[in-house]
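S.K.: My questions all concern the structure below.
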């Protein structure tokens with residue numbers, strides 16, 4: 001079970017991109033906390049700001065982006081106030097990342113051992129023999145068979161699932177406290193997805209590492225996460241423990257999202273759809289960003305974006321009508 005010790009706290013994060021068409025508001029209210037030893041999920045449609053939020057934590061945004069506001073506190077220290085040297089001492093050591101495309105993340109010209117070893121030597125000094133033994137242990141720990149042989153193979157000799165496991169081994173190489181996993185099961189078949197998710201659960205149990213899991217898949221959220229934030233158009237609109245979210249989603253978007261997903265525990269003849277499309281982040285609608293697609297929209301919903309406020313059951317929701325008590 002996760003502890004109540006706070007590891008990471010993202011507060012009011014705002015990220016903007018400069019484009020030829022104007023300012024793109026990628027993230028407007030990133031807000032969530034990750035505790036030690038838990039798997040925390042961020043879920044939302046493509047373009048909701050999930051990956052930008054993840055990249056902001058490690059300060060890996062492209063030059064066209066800038067952080068316009070907010071704080072990212074790691075053990076109470078703001079990562080956004082650190083200089084380049086300070087953030088490099090955190091990145092890859094205390095916080096590491098499993099990127100979305102494992103194939104593109106490995107250099108095809110170097111062996112798996114070369115690339116895992118390079119990640120380790122950035123942060124520590126080790127002799128060749130000690131390094132080799134540690135790499136074998138790492139590869140074995142993520143379930144890759146015959147690690148002493150596989151470590152000297154090249155990325156093209158690994159299947160998609162094995163590449164993702166090797167990427168996880170690299171992320172673990174410096175004993176991090178937090179792993180950020182950005183869509184780690186993209187392009188994997190469902191059997192391999194299940195294996196990778198089981199690996200993540202095992203890592204939290206065995207090593208007490210925390211995982212921030214970025215995904216668009218509600219099934220993955222239900223399977224592995226302890227708590228979750230739902231993002232829409234750059235805003236966190238609901239946070240909850242996973243059980244409560246699936247039992248009684250509160251925000252209209254989350255309700256409609258749940259209604260569009262087939263469920264084995266419910267009989268239905270058809271699935272609901274969400275009308276319209278995600279708004280253009282260059283031109284967000286006035287008021288609540290979801291109100292143009294919302295079945296429950298009222299006049300108050302055009303009068304400013306609602307704050308993400310605490311509810312009596314410990315969840316948080318950003319919805320004018322819920323806060324007014326008529327939904």
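S.K.: Gaussian network model of the chain, Cα springs within a sub-10 Å range: biggest mean-square fluctuation belongs to which of 292, 176, 275?
M.R.: Comparing 292, 176, 275 in the GNM, the peak value goes to 275.
S.K.: Taking the structure as given and computing Rg/Rh (Cα atoms, Kirkwood Rh), which label from (i) 0.99; (ii) 1.06; (iii) 0.95 fits?
M.R.: The value matching this structure is (i).
S.K.: What percent of all Cα-Cα pairs in the stretch 204-244 falls into each 5 Å bin, going from 0 up to the bin containing the maximum distance?
M.R.: Reading the bins upward from 0: 6, 19, 30, 24, 15, 4, 2, 0.
S.K.: What whole number of Å gives the distance from the Cα centroid of the stretch 205-226 to the Cα centroid of the stretch 35-96?
M.R.: 17 Å
S.K.: OK, next. By counting other Cβ atoms within 10 Å of each Cβ, how are 132, 310, 78 ranked from fewest to most?
M.R.: 310, 78, 132
S.K.: Enter the angle in degrees (range 0 to 90, nearest 10) between the Cα long axis of helix 128-141 and the first principal axis of the Cα atoms of the chain, meaning the one along which they spread out most.
M.R.: Relative to the chain, helix 128-141 is tipped by roughly 40 degrees.
S.K.: May I ask what percent, to the nearest 5, of DSSP beta bridges between residues of the stretch 1-155 are antiparallel?
M.R.: 95 percent
S.K.: Could I ask something else about it? Where does helix 112-121 land angle-wise versus the long Cα axis of the chain, in degrees 0 to 90, nearest 10?
M.R.: 80 degrees
S.K.: What's the Kirkwood radius of the stretch 174-327 in Å, using all Cα pairs?
M.R.: 17.3 Å
S.K.: When DSSP assigns beta bridges and you keep just the ones with both residues in the stretch 180-327, what percent turn out antiparallel, to the nearest 5?
M.R.: Antiparallel bridges: around 75 percent, rounded to the nearest 5.
S.K.: Beta carbons within 10 angstrom, averaged per residue: use that to sort the peptides 39-51, 203-215, 79-91, 223-235, highest first.
M.R.: Highest-to-lowest ranking by the protection proxy: 223-235, 39-51, 203-215, 79-91.
S.K.: By how many degrees, 0 to 90 and rounded to 10, does the Cα axis of helix 160-172 deviate from the longest principal axis of the chain?
M.R.: 80 degrees
Laboratory data are not the source of any read-out in this text; all were calculated from the coordinates shown. Owing to the predicted nature of the structure, the values given are computational and were not obtained by experimental measurement. As a convention, Cβ positions derive from the backbone with ideal geometry for all residues, glycine included, and neighbour counts pool all protein chains shown.
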